[in-house]
Structure formats: C-alpha cells, structure tokens
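This report refers to the structure that appears directly beneath it.
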Amino acid sequence: MTQLTFLPKIDRKATQVRLEEILENIRIYRQFGMIRNEMKVTASSEVRYHGPTNIVGKPAEDIALANVAMSEREVKLQRLSFQIDKALSRFSKNQRDIIVKRYLEDEEVFDYMVYNEIGMSERTYRRNKSNAFYKLAFALRLEVYEAEETGGNE
C-alpha cells in the first residue's frame, strides 16, 4: 500500500532562478532607484531632407506616459522590497545575513566571501542558505511546482 501525497512537489531549480531574479531586481532598485525620463529642451540640429515637415511631435506627452508606466513598475518594486524586508525580519540572524550579504548588498559577491565574512563553515552556510531561500520563496509566494505527470485512469 502506498501513501497518498496531497502536496505537490516543488521545482527547486525553477524556484531558485525565479527568486534570484527578483532579488537581483530589488538590489538594483535599491541601489539606483528609478531614473525618470526628461524632455529635450533644445531643438534637434538634425537636418530633414525629404520628409513631412508638418508632423507635430508630442515629446512632453510621450515622456509623461513613459514616466507613468515606470512609476507603476516602481510601485511594484517598492511593495516587493517592503515584503522582502518584512519576511527577512522574521528570519534568524544568520539566515538574514546570508540573504542580505549575498543577494541584496553588492554585486559580484560569491558564497565563499559571505561565509568567510560571517564566520561560518561552508556546509552550515549552504544548509542555512537553502533553508532561508525556500522560506523566502514561500513567504513571497514565488515557489514553482513541478507539473504532475499522470497517465490514464490511475
């Protein structure tokens, strides 16, 4: 007799890729913020040889629409950044340090740098990182489930 499982299996690789992508976006957002588009003040010195000269451009409207679309993305990133901070505040100090130092502070930080800085063995670091990673994925609802492959009338 086999035991029935009601919980779907998690695709660990896809979950990791998805969460790393989100953390990278948040790191860049925290580092630079959103850079707004600005309207050109001076006229273009571009020569118009053969083309319609009666076309009126709307640079102010185009810039405004682009900035509105960008501000919607900024609101999403702000909300996600807040949710990440809220979730990390509930983690243990070691797990929080691992996620923040590895993914949210500087770019080009490698695992060996983080576990040496924290003063942790590599095995303990990897175990804590894995636990923190999947807890954060569940907290942000970013987990990816494997597709069930069922055949026929089983």
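The values are calculated or read from the model by the stated rules, or taken from the named source; none is laboratory data. Just so we're clear, the structure is a prediction, and the values are computed from it rather than from any experiment. As a convention, Cβ positions derive from the backbone with ideal geometry for all residues, glycine included, and neighbour counts pool all protein chains shown.
For the stretch 101-117, how many residues are crowded, with 16+ Cβ neighbours inside 10 Å and either within 27 Å of Phe32 (Cβ to Cβ) or of a type in the set (S, T, N, Q) (or both)?
5
Tally time: how many residues in the stretch 108-123 are on the phi < 0 side of the Ramachandran plot, assigned to a loop (DSSP other than H, G, I, E, B) and not hydroxyl-bearing (Ser, Thr, Tyr)? Show your work before the answer.
Filtering the stretch 108-123 down to residues on the phi < 0 side of the Ramachandran plot leaves 109-118, 120-123.
From what is left, the residues that are assigned to a loop (DSSP other than H, G, I, E, B) are 109-110, 120-121.
Of the ones still in play, those that are also not hydroxyl-bearing (Ser, Thr, Tyr) are 109-110, 120.
Going through the stretch 108-123 one residue at a time, the tally reaches 3.
From the list Arg96, Arg90, Arg73, which one is outside any loop (DSSP other than H, G, I, E, B), basic (Lys, Arg) and modelled with pLDDT of 95 or more?
Details: Arg90 fails: outside any loop (DSSP other than H, G, I, E, B); Arg73 fails: modelled with pLDDT of 95 or more.
On inspection, the qualifying residue turns out to be Arg96.
Checking Val68 against (1) modelled with pLDDT of 95 or more; (2) in a helix (DSSP H, G or I): exactly one of these is not met. Which one?
(1) is the only condition that Val68 fails.
Kindly provide the set of residues from the stretch 83-118 that are without any contact (Cβ under 8 Å) to a residue 40 or more places away in the chain and among the β-branched types (Val, Ile, Thr), ordered by number.
Ile98, Val100, Val109, Val114, Ile118
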